[in-house]
2 protein chains.
Amino acid sequence: MNLSDINGKMSGELNIAAVSSAQYVVPYLLARFRAHYPDVHVRLKVCNRSQALERLSEQQDDLVIMAMVPEDDRLVVMPILDNELIAVVWPEHPLLSMPEPSLADFARHYVLMREPGSGVRNAFEQMAANQQVALSHCIELGTNEAIKGGVMAHLGVAVLPRLAVQLELEQGLLLSWVCLTSLSTVHGARYTPANGFLRRLLNSS
Amino acid sequence: MNLSDINGKMSGELNIAAVSSAQYVVPYLLARFRAHYPDVHVRLKVCNRSQALERLSEQQDDLVIMAMVPEDDRLVVMPILDNELIAVVWPEHPLLSMPEPSLADFARHYVLMREPGSGVRNAFEQMAANQQVALSHCIELGTNEAIKGGVMAHLGVAVLPRLAVQLELEQGLLLSWVCLTSLSTVHGARYTPANGFLRRLLNSS
């Protein structure tokens with residue numbers, strides 16, 4: 001909140017909020033940032049989409065990294081990365097032996113869902129509503145990690161950000177199957193040293 | 001909250017809270033529970049230790065799975081699993097070439113810390129205080145996943161629950177080095193169908 005930039009030497013505090021999907025990516029951005037600005041004290045809050053929007057409206061953070069950014073002229077939005085959502089099932093799940101499983105086929109299984117307020121849940125519910133598919137068999141687990149564990153434990157199937165299941169997909173522990181947004185940085189329009197954060201960062205890559 | 005058990009057929013809602021360390025384990029317990037009681041609608045809230053304690057005092061959940069349970073005669077506590085905390089560094093980190101690195105050696109590096117209210121942070125700060133080691137170079141990242149990413153991105157070193165880094169350790173992406181609690185189920189003393197939950201569950205293993 002109180003970052004100062006004197007002769008290119010930045011010091012102070014940088015408060016960032018990230019939605020769950022972004023938490024896998026932000027540490028890599030921070031590592032690059034810290035290499036240039038070791039005197040900045042960084043704090044990362046991880047929350048769901050509705051909490052991120054609330055924090056943004058209350059100006060609690062210098063910068064928010066989120067998907068599905070609301071339309072608001074007072075916000076400066078800069079897309080940084082694709083956030084692909086994928087359907088995830090366990091190896092040998094019956095859906096894998098169907099030639100072209102539809103969303104309706106998927107929804108016939110128990111679906112593990114994030115809590116209300118999650119962007120991934122919103123997006124998935126929207127997609128189901130568009131296709132007039134009812135999501136009637138749901139189990140609510142409050143984080144991507146609990147959902148991953150739930151798929152591995154054969155508790156149900158799920159739609160998750162690809163960023164959340166990278167390692168598991170490589171190890172064949174979960175098998176992806178379908179798709180659908182992008183992660184963006186979001187902050188107020190006023191120029192502050194924190195605004196330059198990602199601009200510098202992305203230029204140094 | 002409104003679980004009813006009629007002739008051994010359980011139905012209704014089961015609300016569970018789990019601290020971050022437990023989120024990797026609970027889905028496996030739930031999968032076993034659901035196999036016996038498919039008509040129970042399950043909801044899992046994942047939060048940090050201080051939030052779990054607050055929810056417990058407000059009786060928001062039927063059952064809480066947490067470590068470092070407070071002393072309170074009104075609570076029924078049943079240990080279910082060891083929750084080992086381990087120091088985690090990236091492969092080829094200088095600490096690995098020291099014969100017996102101490103906590104003071106560890107704390108000389110940037111340490112990635114969870115937010116205030118986290119049980120792992122509490123435990124680690126307590127250990128440091130006992131050994132009179134100052135934790136002066138800290139970066140705050142709000143989830144175990146962001147911290148894992150931070151270690152992989154060489155942002156810093158960390159103390160994490162072994163349950164959180166299982167897959168990464170197997171893949172050699174992170175290397176463990178030291179150690180330190182147990183996860184327990186906690187609920188009020190009054191008998192409810194939810195109380196029987198883990199007793200039945202643990203008996204069916």
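The values are calculated or read from the model by the stated rules, or taken from the named source; none is laboratory data. None of the values given here were measured: they were computed from a predicted structure. Please note: Cβ atoms are built from the backbone with ideal geometry, for glycine as well, and neighbour counts cover all protein chains shown. Surface areas here come from the heavy atoms of the whole protein model, side chains and all, with no ligands, DNA or RNA. Shrake-Rupley method; radii C 1.70, N 1.55, O 1.52, S 1.80 Å.
Remark: the A:E84-A:S97 segment gains 2.4 nm on full extension, using 0.36 nm per residue and subtracting the alpha carbon distance.
Each label was represented as a point 7 Å from its Cα along the Cα-to-Cβ direction; for B:E115 and B:L169 these points are 2.7 nm apart.
For segment A:7-99, the C-alpha radius of gyration sits at 1.42 times the compact-globule guess of 2.2 N^0.38 Å, with N the residue count.
For the pair A:V76 and A:A134, a Förster radius of 56 Å applied to the C-beta separation gives a FRET efficiency near 0.90, rounded to the nearest 0.05. Rolling a 1.4 Å probe over the protein heavy atoms gives segment A:85-176 an accessible area of 40 Å² per residue.
Counting every C-alpha pair in segment B:85-176, the share spaced more than 20 angstrom apart comes to 28%. Using a 7 Å projection from Cα along Cα-to-Cβ, the label point at B:V133 is separated from the same position in the remaining copies by 5.0 nm, smallest value first. Each of the peptides A:40-48, B:115-123 was scored by the mean count of other Cβ atoms within 10 Å over its residues; in descending order, highest first, they stand as A:40-48, B:115-123.
A cut-off of 5 Å between modelled amide H atoms, ignoring neighbours fewer than 5 places along the same chain, links A:E140 with A:M113, B:V42, B:L44. Averaged over residues, the count of other Cβ atoms within 10 Å places the peptides B:23-34, A:99-110, A:70-81 in the sequence B:23-34, A:99-110, A:70-81, highest first. When only Cα pairs below 8 angstrom with a gap of at least 6 residues are kept, segment A:85-176 shows a relative contact order of 45 percent. Converting phi to 3J(HN,Hα) with the Karplus coefficients 6.51, -1.76 and 1.60 and the offset θ = phi - 60°, segment A:161-166 yields x, 3, 4, 7, 10, 3 Hz in sequence order, with x at every glycine or proline. Placing a label point 7 Å from Cα along the Cα-to-Cβ direction at A:R74 gives distances to the equivalent points in the other copies of 4.3 nm, listed shortest first.
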